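Below is one structure; the comments refer to it alone.
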Amino acid sequence: MHMRILRLGFAIATMFAIASCKKLPSFDNLSSDFVVITQYDKNANFSSYHTFAIRDTIQVYTGNPDDSIWYDANAQSILNTIRTNMKAFGYTEVTKDQSPDLAIMSTGIRNVTVFAIPPGWWWGYPGWGSPCYWGWCGGWGYWYPYYYTVTVTTGSFITEMIDLKNANAAHKLNVVWSAQGTGQIGSSTSFIVDQCIKTVNQAFVQSPYLKGGQ
């Protein structure tokens, strides 16, 4: 398994990292490039694969029961990036009716996490003293606790390479290579597409063994 951290700012790590210099943390700069992880079947003989077929849509999971597929021009730009890398590694694209050696499928996943931060968690850091508000300090009885809430939206883009050439008698198919990019995302479609494309390119960079298709 290979892993490369391009630039990553996760919410919790960032909160504690900046606590010593800011009374309230800033969450404005958390969007960053995905972490890209690739895995492969060490028993796979990639030199035996020469052709591939790619599904022309991206399966999408967001927790919505109406989740479907992604097939517009943005999705095609991501899938074309996979095609370009596969061809650069020596593979030939064919249709699914032409008995490809490999099938390639991609999936997008979106997760929303809400963090509840109790009040005063930053107190105790040097320079901030005790939790007094406009001269009103402790000893004034009970008060209703409040929380800061921070919503973090993360996404994953997964590409799987499936061995069709060596399907067994039970038609069991093995995933011989997979790539996953994960990181924080926002609502910008262009940012999400850019991260998916970067994930694909980085995944092939760190998978030179796939050049067996040449």
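Key figures for this structure:
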{"read-out": "Residue in region 161-214 that is surrounded by the fewest Cβ atoms within 10 Å (Cβ to Cβ), counting only those that are under 14 Å from the mean Cα position of the chain (by Cα) and among the charged types (D, E, K, R)", "value": "194"}
{"read-out": "Of the criteria (1) within 19 Å of residue 179 (Cα to Cα); (2) at pLDDT 95 or above, which one residue 60 fails", "value": "(2)"}
{"read-out": "Enumeration of residues in region 63-79 that are among the polar types (S, T, N, Q) and either within 14 Å of residue 192 (Cα to Cα) or at pLDDT 95 or above (or both)", "value": "74, 76, 77"}
{"read-out": "Any hit, region 132-146, residues being over 18 Å from the mean Cα position of the chain (by Cα), under 29 Å from residue 185 (Cβ atoms) and at pLDDT below 90", "value": "yes"}
{"read-out": "Filtered residues of region 76-109 (kept if over 17 Å from residue 203 (Cβ atoms) and assigned to a helix (DSSP H, G or I))", "value": "76, 96, 97, 98"}
{"read-out": "Checking residue 112 against (1) touching a residue at least 24 places away in the same chain (Cβ under 8 Å); (2) closer than 23 Å to residue 201 by Cα; (3) not in a loop (DSSP other than H, G, I, E, B), the condition it does not meet", "value": "(2)"}
{"read-out": "Residues that are assigned to a helix (DSSP H, G or I) and either in contact with a Ser or Thr (Cβ under 9 Å, 6 or more places away or on another chain) or of a type in the set (Phe, Trp, Tyr) (or both), drawn from region 46-75", "value": "46, 74, 75"}
{"read-out": "Criterion violated by residue 24 - all others in (1) more than 18 Å from residue 199 (Cα to Cα); (2) at pLDDT 50 or above; (3) among the aliphatic types (A, V, I, L, M) satisfied", "value": "(2)"}
{"read-out": "Some residue of region 181-188 being farther than 18 Å from residue 109 by Cα and not polar (S, T, N, Q)", "value": "no"}
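The values are calculated or read from the model by the stated rules, or taken from the named source; none is laboratory data. The structure displayed is predicted, hence computed values, not measured ones. Don't worry about glycine lacking a Cβ; one is built from the backbone with ideal geometry, like all the others, and counts go over all protein chains shown.
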